[in-house]
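**Q** Once you've had a glance at the structure underneath, I'll fire off some questions.
The values are calculated or read from the model by the stated rules, or taken from the named source; none is laboratory data. Computed from a predicted structure; not experimentally measured. As a convention, Cβ positions derive from the backbone with ideal geometry for all residues, glycine included, and neighbour counts pool all protein chains shown.
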């Protein structure tokens with residue numbers, strides 16, 4: 001692989017890694033959800049430093065060109081990430097339901113207590 | 001009869017009907033408590049129920065019929081009601097049938113009763129297409145869990161304390177009526193049909209229109225099958 005391209009890849013991955021860590025330290029990303037991204041950074045970094053690995057992995061599953069290998073694995077990775085996100089959204093949805101319901105019942109109690117106080 | 005009974009009235013944009021429905025309850029059926037669940041209506045439903053000083057909770061976020069009714073069950077559990085009844089806020093359901101609906105629960109013959117307009121075939125029978133849909137869901141339910149429910153989408157139903165507790169923890173979110181039957185049946189609750197007459201809704205719009213009905217059928221059938229598979233697995237454990 002062209003050395004310029006390789007350096008470009010490594011810098012991009014490092015930039016992405018820094019971005020992830022930056023938002024982690026600012027608490028704008030939960031560590032729980034960022035583990036996938038940190039893992040992806042590690043894999044991408046290794047592959048940019050040793051690009052011949054990609055070729056070997058590709059041949060292992062019968063993909064002849066490096067670009068196809070990259071696209072296939074990137075696609076699979078995206079699928080996993082998006083699926084995980086859908087799961088997280090469903091989980092949050094359930095929590096919002098519970099919160100909304102409890103809030104509404106509490107609001108009713110507060111309203112009634114206030115009315116009682118007003119009358120006294 | 002000393003059972004504490006709560007009537008849950010889910011209301012989403014029911015400003016045209018809610019007063020008539022609730023006033024009827026207060027005047028003629030004072031032995032039952034009621035709770036209006038205002039599901040974040042965008043019309044003036046909340047103003048009306050506030051001004052009339054009705055017993056209500058108001059969800060700050062629209063949760064849909066499933067989440068709305070579920071908050072009613074949660075309220076029933078928290079306030080120690082023996083029986084909870086679901087009744088639509090649009091005047092389709094006649095509270096005169098409540099006594100008939102809760103009788104099997106009090107005698108211990110059933111855990112859930114569902115008001116069905118197809119047993120005596122009297123009163124409002126809805127369109128042929130909808131009847132076909134309801135029959136189809138009814139068949140799916142019988143295949144899933146062996147329960148016979150003739151009016152699967154009926155939102156006029158009564159349930160005991162144990163069921164209310166179960167529903168307050170697990171209740172389907174959209175189009176929940178058929179799924180609730182299957183979930184309850186698979187968890188060992190006994191379900192019984194009770195003949196009632198229903199009226200055509202007097203105002204407002206039904207939540208299911210023609211466009212959505214195909215989506216409805218697919219979604220409900222799928223939900224029922226998934227519910228069946230999920231519970232089968234849990235049983236093995």
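**Q** Return the total of residues in the range A:51-72 being surrounded by 12 or more Cβ atoms within 10 Å (Cβ to Cβ) and not in a helix (DSSP H, G or I).
**A** Result for the range A:51-72: 2.
**Q** Still on this structure, I have one more. So, residue B:79, is that one within 14 Å of chain A (Cβ to nearest Cβ), more than 18 Å from residue B:114 (Cα to Cα) and touching a strand residue (DSSP E or B) at 6+ places or on another chain (Cβ under 7 Å) or not?
**A** Considered against the rule, which asks whether it is within 14 Å of chain A (Cβ to nearest Cβ), more than 18 Å from residue B:114 (Cα to Cα) and touching a strand residue (DSSP E or B) at 6+ places or on another chain (Cβ under 7 Å), residue B:79 comes out as no.
**Q** Which residues, counting only those in the range B:32-49, are touching a strand residue (DSSP E or B) at 6+ places or on another chain (Cβ under 7 Å) and without any contact (Cβ under 8 Å) to a residue 60 or more places away in the chain?
**A** Passing the criteria: B:33, B:34, B:35, B:36, B:37, B:38, B:39, B:41, B:45, B:46, B:49.
**Q** Now for a different question. Among the residues of the range A:46-56, is any more than 22 Å from the chain's Cα centre (by Cα) and within 14 Å of chain B (Cβ to nearest Cβ)?
**A** no
**Q** Six or more apart or on different chains, Cβ atoms under 8 Å: show the pairs whose first residue is in the range A:4-20 and more than 16 Å from residue A:39 (Cβ to Cβ) and whose second is not in a helix (DSSP H, G or I).
**A** A:6/A:51
**Q** Right, something else. For the range B:41-51, state whether one or more residues are part of a loop (DSSP other than H, G, I, E, B) and either crowded, with 20+ Cβ neighbours inside 10 Å or within 9 Å of chain A (Cβ to nearest Cβ) (or both).
**A** Yes, the range B:41-51 contains a residue that is part of a loop (DSSP other than H, G, I, E, B) and either crowded, with 20+ Cβ neighbours inside 10 Å or within 9 Å of chain A (Cβ to nearest Cβ) (or both).
**Q** Between A:120, A:115, A:93, which is away from every other protein chain (no Cβ under 14 Å), out of contact with any strand residue (DSSP E or B) (no Cβ under 8 Å at 6 or more places or on another chain) and within 30 Å of residue B:55 (Cα to Cα)?
**A** Among A:120, A:115, A:93, only A:120 is away from every other protein chain (no Cβ under 14 Å), out of contact with any strand residue (DSSP E or B) (no Cβ under 8 Å at 6 or more places or on another chain) and within 30 Å of residue B:55 (Cα to Cα).
**Q** Kindly indicate the residue of the range B:105-136 that is under 22 Å from residue B:28 (Cα atoms) and over 17 Å from the mean Cα position of the chain (by Cα) and also modelled with the highest pLDDT among those meeting that condition.
**A** B:106
**Q** Turning to a different aspect of this structure: Here are some conditions: (1) within 14 Å of chain A (Cβ to nearest Cβ); (2) closer than 26 Å to residue B:174 by Cβ; (3) under 17 Å from the mean Cα position of the chain (by Cα). Residue B:86 meets all but one. Which one does it not meet?
**A** Only one criterion in (1) within 14 Å of chain A (Cβ to nearest Cβ); (2) closer than 26 Å to residue B:174 by Cβ; (3) under 17 Å from the mean Cα position of the chain (by Cα) is unmet by residue B:86, namely (1).
**Q** Then there's this: Identify the residue in the range B:57-76 that is more than 7 Å from chain A (Cβ to nearest Cβ) and over 18 Å from residue B:102 (Cβ atoms) and, among all such residues, is surrounded by the most Cβ atoms within 10 Å (Cβ to Cβ).
**A** Here the answer is B:68.
**Q** Also: Take the range B:114-130 and flag every residue that is surrounded by 11 or more Cβ atoms within 10 Å (Cβ to Cβ) and closer than 16 Å to residue B:218 by Cα.
**A** B:130
**Q** Also, quick follow-up: Could you tell me whether residue B:26 is more than 14 Å from every other protein chain (Cβ to nearest Cβ) and assigned to a helix (DSSP H, G or I)?
**A** Spelling it out, residue B:26 is indeed more than 14 Å from every other protein chain (Cβ to nearest Cβ) and assigned to a helix (DSSP H, G or I).
**Q** If you don't mind, there's one more thing I want to ask. Tell me which residues, restricted to the range B:161-184, are in contact with a strand residue (DSSP E or B) (Cβ under 9 Å, 6 or more places away or on another chain) and either surrounded by 21 or more Cβ atoms within 10 Å (Cβ to Cβ) or not in a helix (DSSP H, G or I) (or both).
**A** Hits for the range B:161-184 are B:163, B:164, B:166, B:167, B:177, B:180, B:181, B:184.
**Q** For residues that are free of Cβ contacts under 8 Å to residues at least 12 places away in the same chain and within 19 Å of residue A:40 (Cα to Cα), tally how many sit in the range A:59-71.
**A** Number satisfying all stated conditions: 3.
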